[in-house]
1. What do you get for Rg/Rh of the range 189-333 when both radii come from the Cα atoms and Rh is the Kirkwood radius?
2. Straight-line reach from Lys94: which lysines have a Cα under 24 Å away, not including same-chain ones fewer than 8 places off?
3. Out of the DSSP beta bridges found with both residues in the chain, what percent are antiparallel (nearest 5)?
4. Given the C-alpha centroids of the range 119-155 and the range 304-356, what is the distance between them in whole angstrom?
5. What does the convex hull of the alpha-carbon atoms of the range 3-340 project to on average, in nm²?
6. For an R0 of 22 angstrom, estimate the FRET efficiency from the Cβ-Cβ distance between Asn18 and Lys279 and round to the nearest 0.05.
7. Give the lysines reachable from Lys282 as a straight Cα distance under 17 Å; neighbours fewer than 8 places away on the same chain don't count.
8. Roughly speaking, what % of Cα-Cα pairs in the range 40-173 are separated by over 23 Å, rounded to a whole number?
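Bear in mind that the values in this text are calculations on the coordinates, not laboratory data. Note that the coordinates shown come from a computational prediction; the quantities given were computed from them, not determined experimentally. Because the Cβ atoms are built from the backbone with ideal geometry, glycine has one as well, and the counts that use them run over all protein chains shown.
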Amino acid sequence: MTIEQSVLFSPYTLGKINLANRVVMAPMTRSRAIGNVPNDLMTQYYADRAGAGLIITEGVAPSANGLGYSRIPGCFTDEQASGWKNIADAVHAKSGKIFMQIMHTGRVAHPHNMPEGAKVVAPSPIAADGTMWTDTHQMQAHPVPEEIPSAEIPALIAEYAHSAKLAVAAGLDGIEIHAANGYLPMQFLSPSSNQRTDQYGGTPENRNRFVLELAAALVTAIGADKVGIRLSPFNSYNGLTPDATEEAQYLMLTEGLSSLGLVYLHLVTYAMPKDMIPKMRKAFNGTLILNAGYTADRASSDIESNACDLVSFGNPFISNPDLVHRMKSGIELTPPDPATFFTPGAEGYNTYPAHQ
Ligand SMILES: Cc1cc2nc3c(=O)[nH]c(=O)nc-3n(C[C@H](O)[C@H](O)[C@H](O)COP(=O)(O)O)c2cc1C
């Protein structure tokens, strides 16, 4: 069979929406949202990539406290929601589908990147290792975050629900909870960043509680068919230390997410033990998306063997807006330039042409 006939390019039903193919654009922060508001540059970027079966947007903050990086977008004001509406409309006009990744950066943040009055918050007052970019003071150490009081957790969850409702009202097809890569929800999951003594810390059950309550609230807010989640078990990114009990904890978490009826589970598999992926698939009733380092051939064979339903591609989408067409036709891919991943402006963003 040629790649052109691969199952990767066959349609798929995700909840109540129909995807034209099984190729997902992975969420990627690109830092083009000056003032944290989606703009025309971003509308163009996403519209150019509407050939993906599903686009998952870059990480989008549900509140000012979640805006830890320079120039990342939010979705909590009317102005931001109206920017997202333009993006959703442009993607839909080209028959694409789009979920918004809701990303609260938690302790992976710096006050220099955040609006006046915003706070760096996390499950426990433990700074992430290392430094991060700020536009005004260049590289800075991560600060010690403020511990989120137990009594404020319902308000934090309500921020996500508000943001998800705005996203759906703006026309997005759903949202993805970013519970991977060391951001706020994963900061609750990991014992190295969560040393709480209340019901959100201590045991694996307690460390899973925030993510499960968050997922349940989002299901209530917009419906389970519109809520997906991203997890990255064993990932040490952003200063987390994987723990011996991690596999058991994530399987328990996944069973909980499955009973809530979430539409998909999106796994970043880099650091996972190989035999954990089928266990996670078994624990989850919905759609499974796998990610990290995929080629079209490997994606086809994983879908063919039922290891997953969909595969997401990150880097290749940066520099190949027409990735699906190129993969299907066996056209060579253009490599992306990491120097322009997070710089402002069109260069390295909207300057990669489709194949002629
Ligand atoms: C520039 C860039 C920005 C990224 N931003 C995010 C993000 O906002 N949220 C997220 O979950 N992952 C983010 N990722 C990770 C990607 O979604 C994906 O997991 C990673 O690139 C591996 O997939 P790939 O090998 O197909 O590139 C980012 C990756 C890159 C290269």
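1. Details: Rg = 16.7 Å, Rh = 16.5 Å.
Here the Rg-to-Rh quotient is 1.01.
2. Lys16, Lys85, Lys165, Lys226, Lys328
3. Of all bridge pairs located within the chain, approximately 20 percent are antiparallel.
4. Answer, in whole Å: 32.
5. 15.3 nm²
6. Given R0 = 22 Å and the Cβ-Cβ separation, E is 0.15.
7. Lys274
8. Numbers: 3424 of 8911 pairs.
The proportion of pairs with Cα distances above 23 Å equals 38 percent.
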